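Some notes on the structure that comes next.
The values are calculated or read from the model by the stated rules, or taken from the named source; none is laboratory data. Owing to the predicted nature of the structure, the values given are computational and were not obtained by experimental measurement. Here the Cβ positions follow ideal geometry from the backbone for every residue, glycine too, while neighbour counts run over all protein chains shown. Just so you know, the surface numbers come from the protein's heavy atoms only, side chains and all, with ligands and any DNA or RNA stripped out. Shrake-Rupley method; radii C 1.70, N 1.55, O 1.52, S 1.80 Å.
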Amino acid sequence: MTESSLAGLRALVTAAASGIGRAIAGALHAHGATVHICDLDAERLAAARAELPGLGTTQADVADPAQVDRLFDEAVTHLGGLDVLVNNAGIAGPTGPVESLDPAAWDRTMAVNINSQFYCARRAVPLLKAAGGGAIVNLSSVAGLFGYPLRAPYAASKWAVIGFTKTLAMELGEYGIRVNAICPGPVEGPRIEGVFAARAAAQGVSVEAMRAGYLRQNSLHTLIQAQDIADLVLFLCSPAGHKFSGQALAIDGNTETLRI
Ligand code: NAD
C-alpha cells in the first residue's frame, strides 16, 4: 500500500491515545487519512496531538452515551464527515471465578467493550450513509472466539462484539458500509503484562510460567504486535479490502485453546 493510498479518508478511532488504537491512528495518519481520536487520558491525547500533525482529539469516556455524542459533534466539526469508524475501546475487566466477580466490574466491562460500540455506531451510521459508504471496524479478541476461563465478562463482551458486527454488516451492506471485527491474540505491551500478572496471581503460578503458557496456546507461539492490527485495519479500509464484510478476522498465530 502506498503512503498516500487512504488520502481523503476521514476516520474516527476510539481509545487511541495509546496501545493498539494509537498504532491504528498512526497508520491511518501515515497513509493520508484525516484522523480524530478520543481517550480518557488527557496527557496521552496531548502527546498524540504533538506527534501526529492535524490529529483531532476529544477527551471522552465511550461508555457514556452523552460523552459519545460530544465526541461525534467534535469529530464531525474536525473531519467534516466520516468514512471510517474504528471501535477500539476495550478493557480487560476482572479476573476470577464467576462467583467471585463484582456486578459493578461486570457492568463496566460490558459498558466499555460493547455498549460503547453501539453508542458510536448509532452516531456513525447516518454519517457513513451520507458519505455514500464506508467501513466500521470493531475490536473483538480471540476471547470472542473461544471460552476463556476466569475472564467471563471479557469473553461475553467480545462474543457480543461479533454478534453486533455480523448484524450491522447485514443491515448496512446495501448502503456500501462494510462492518468487520478483528480478533487479536495477546498483544505485546503493558496491558498483556497486567493480564499475565492477574492470571498468575489467580492461579498461584509465576508470571513467567503464565507467559510461557500463553505462547504455547497458539500454533506460531507468538505474541501479536499492535502494528499487525494497524496493518489489518489499513487493509480493511483500502480498496483491497472492499469485499470484506461481516467477518471476525483472527490475528493470533492460530489460537488452539484459551484453557490456561
Ligand atoms: P489499553 O488497555 O492499552 O488501552 C488503550 C487506551 O484506551 C488507553 O489510552 C486508555 O486510556 C483508553 N481507554 C480505556 N477505557 C476507555 C474508555 N472508556 N473511553 C475512552 N478511552 C478509554 O488497550 P489495548 O490493549 O490497546 O486494547 C485495544 C482493544 O484491543 C481493546 O478493545 C482490547 O480489548 C482489544 N484487544 C487487546 C488485546 C491485548 O492483548 N492488548 C488482545 C485482544 C484484543
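Tabulated values for the structure
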quantity: Residue list for the stretch 35-59, filter: assigned to a loop (DSSP other than H, G, I, E, B) and either open to solvent by less than 20 Å² (accessible area, probe 1.4 Å) or touching a residue at least 24 places away in the same chain (Cβ under 8 Å) (or both); calculated: LEU40, ASP41, LEU52, GLY54, LEU55
quantity: Among the residues listed as GLY173, GLY147, GLY132, the single one being assigned to a loop (DSSP other than H, G, I, E, B), among the small types (Gly, Ala, Ser) and over 23 Å from GLU256 (Cα atoms); calculated: GLY132
quantity: Residue count for the stretch 113-126, restricted to those that are away from the ligand (no atom under 14 Å from the Cβ) and either open to solvent by less than 20 Å² (accessible area, probe 1.4 Å) or over 19 Å from HIS242 (Cβ atoms) (or both); calculated: 5
quantity: Single match in VAL62, VAL84 (criterion: modelled with pLDDT of 95 or more, in contact with a Phe, Trp or Tyr (Cβ under 8 Å, 6 or more places away or on another chain) and open to solvent by less than 50 Å² (accessible area, probe 1.4 Å)); calculated: VAL62
quantity: Filter result for ALA15 (modelled with pLDDT of 95 or more and either within 15 Å of the ligand (Cβ to nearest atom) or assigned to a loop (DSSP other than H, G, I, E, B) (or both)); calculated: yes
quantity: Residues of the stretch 162-203 satisfying the condition of being free of Cβ contacts under 8 Å to residues at least 60 places away in the same chain and touching a Ser or Thr at 6+ places or on another chain (Cβ under 7 Å); calculated: ALA200
quantity: Subset of the stretch 87-112 [out of contact with any Phe, Trp or Tyr (no Cβ under 8 Å at 6 or more places or on another chain), over 30 Å from GLY241 (Cα atoms) and not in a loop (DSSP other than H, G, I, E, B)]; calculated: VAL98, GLU99, SER100, PRO103, ALA104, ALA105, TRP106, ASP107, ARG108
quantity: Wholly within the stretch 185-260, helices (runs of 4 or more DSSP H) carrying at least 3 residues that are within 11 Å of the ligand (Cβ to nearest atom) and open to solvent by 20 Å² or more (accessible area, probe 1.4 Å); calculated: 190-203
quantity: Where a residue in the stretch 230-256 is under 16 Å from ARG10 (Cα atoms) and its partner, wherever it lies, is basic (Lys, Arg), with Cβ under 8 Å and at least six apart; calculated: LEU236/ARG178
quantity: Condition met for LEU9 (hydrophobic (A, V, I, L, M, F, W, C), touching a His at 6+ places or on another chain (Cβ under 9 Å) and over 26 Å from ALA111 (Cβ atoms)); calculated: yes
quantity: Boolean, ALA66 is under 24 Å from LYS129 (Cβ atoms), within 15 Å of the ligand (Cβ to nearest atom), free of Cβ contacts under 8 Å to residues at least 24 places away in the same chain and not polar (S, T, N, Q); calculated: yes
